1. Viscosity 1.002 mPa s, temperature 20 °C: Stokes-Einstein D of the chain from its Kirkwood Cα radius, in µm² per second?
2. When the Karplus curve 6.51 cos²θ - 1.76 cosθ + 1.60 is applied with θ = phi - 60°, which whole-Hz ³J(HN,Hα) does each residue of region 204-221 get, with x for Gly and Pro?
3. Mind checking which of THR208, GLN319, LEU42 is farthest towards the positive end of the chain's charge dipole, using Cβ charges of +1 (Lys, Arg) and -1 (Asp, Glu) about the Cα centre?
4. Going highest first, how would you order 348-361, 264-277, 160-173 by mean Cβ packing within 10 Å?
5. Going by amide H atoms built from the backbone, whose H comes under 5 Å of the H on ILE7, apart from near neighbours?
6. Treat every Asp and Glu Cβ in the chain as -1 and every Lys and Arg Cβ as +1, leave all other atoms uncharged, and give the resulting dipole magnitude about the Cα centre to the nearest 20 debye.
7. List, in order, the whole-Hz ³J(HN,Hα) value for each residue of region 241-254 obtained from phi through the Karplus relation with A = 6.51, B = -1.76, C = 1.60 and θ = phi - 60°; use x for Gly and Pro.
8. Using +1 on the beta carbon of Lys and Arg, -1 on that of Asp and Glu, and nothing else charged, what's the dipole of region 45-151 about the Cα centre, debye to 20?
Amino acid sequence: MHVCSVIAEFNPFHNGHEYLLTQAKKVTHADVLVVLMSGNFLQRGEPAIVDKWQRTKEALNGQADLVIELPIYVSMQAAHLFAQGAVQMASQIHSDYLVFGSEHPNLDFNVLAAEAKKISLNTSTYSQSFAGQLFSALYEKTEINLHTANDILAFNYFYANQSLTKPMALMPIKRHEADHADATFKGMHFASSSAIRKARLAHNDVFTHFVPKQTAIDLMGQLVSWNDLWPYLKYRLLTASLAELRTIYGCSEGIEYRLKTVAPKSTSFEVFLQSLKTKRYTYTHLQRLCLAIALNLKKDQMRGQVPVYRVLGFNRKGQTYLHKLKEFDIPVLSKIGQKENAVGYQSTYQADQIYGLLTQKEQNIGRKPIISL
């Protein structure tokens, strides 16, 4: 059985994602298409606009056979750690192929990844982020400028794949009409997740032309954004001690002092983030730190964890492959009970409890995989 995996967030699932999944099946001729999808909190340090169950249903309607959750200690990481964790999970479930979108799929990502392994960086400098330093050094060696979000992720997928004992076949698919960060609608059929979220939050119905029917229905319901999470973050910053903040994942180099100074004067998350920004840290780095504080995620919860494969949904093909995974002795969870949430899934469970406060919907206990047979 040939297996193709796609690493995704689907925030929300749109026409471009449906095209990607369709192309993944077409170019690989795989027997089963597995989506490794971030749960309720995402790589850029933000809550998903709709919950993981809604996005799972959207993905199953859009060609996915099996949806497995990326635990929060994978999904809420910087790009290189996100890619490393997700690629390892794809490899462990015996994926033959990994397919993903890219703005420039013809770039030789294998060569770029190999060159990057030869570069040593000065991590003591504060004039540029680590990723910024790496891509500047890589440009000097190759004259290739990695600056778009999906190209950067593609590079990191190749970098992680090269470290596997049995590397997968990686296949970038060309993005059409819209780049990842486009905040406006440029094409007729495809738009970025950013543009769709922005339009929906502004009550502009034009977004419905760029998403499948199920996504449009879901986006008409309850939505979640940083505005909902901001009071929880501010409360944590007003009440936590400096010593407590130092235990939070990503809190280092004395930034806890700046956090405590800026928080009381900030009237919104946007104002807070702008006041917090320095050359040393990107906005996404700061968002991830803020999310870790709001969710009370400690350093030991986000490092060295053994992934648990939480099944969010499947169709008949996916169900058949799930039986194979059990034969491979993969730690698969189909439902979460009081015992399971303490072993391997505790960090994700903890974060989901906060998401549940925002939506008033239980995210784990009693929730079974979505079945589309």
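Coordinate-derived values only; no laboratory data. Note that the structure is a prediction, hence the values are computed from the model and not measured. With ideal geometry, Cβ positions are generated from the backbone for all residues, glycine too; neighbour counts draw on all protein chains shown.
1. It diffuses with D of about 101 µm²/s by this estimate.
2. Result, rounded to whole Hz: 9, 6, 4, 4, 5, 6, 10, 9, x, 4, 5, 5, 4, 5, 5, 6, 7, x.
3. Working it through, the farthest residue towards the positive pole turns out to be LEU42.
4. 348-361, 160-173, 264-277
5. LEU36, VAL99
6. It works out to roughly 640 debye.
7. Values per residue, Gly and Pro as x: 7, 4, 5, 5, 4, 5, 7, 6, 4, x, 8, 8, 6, x Hz.
8. Dipole about the Cα centre, nearest 20: 260 debye.
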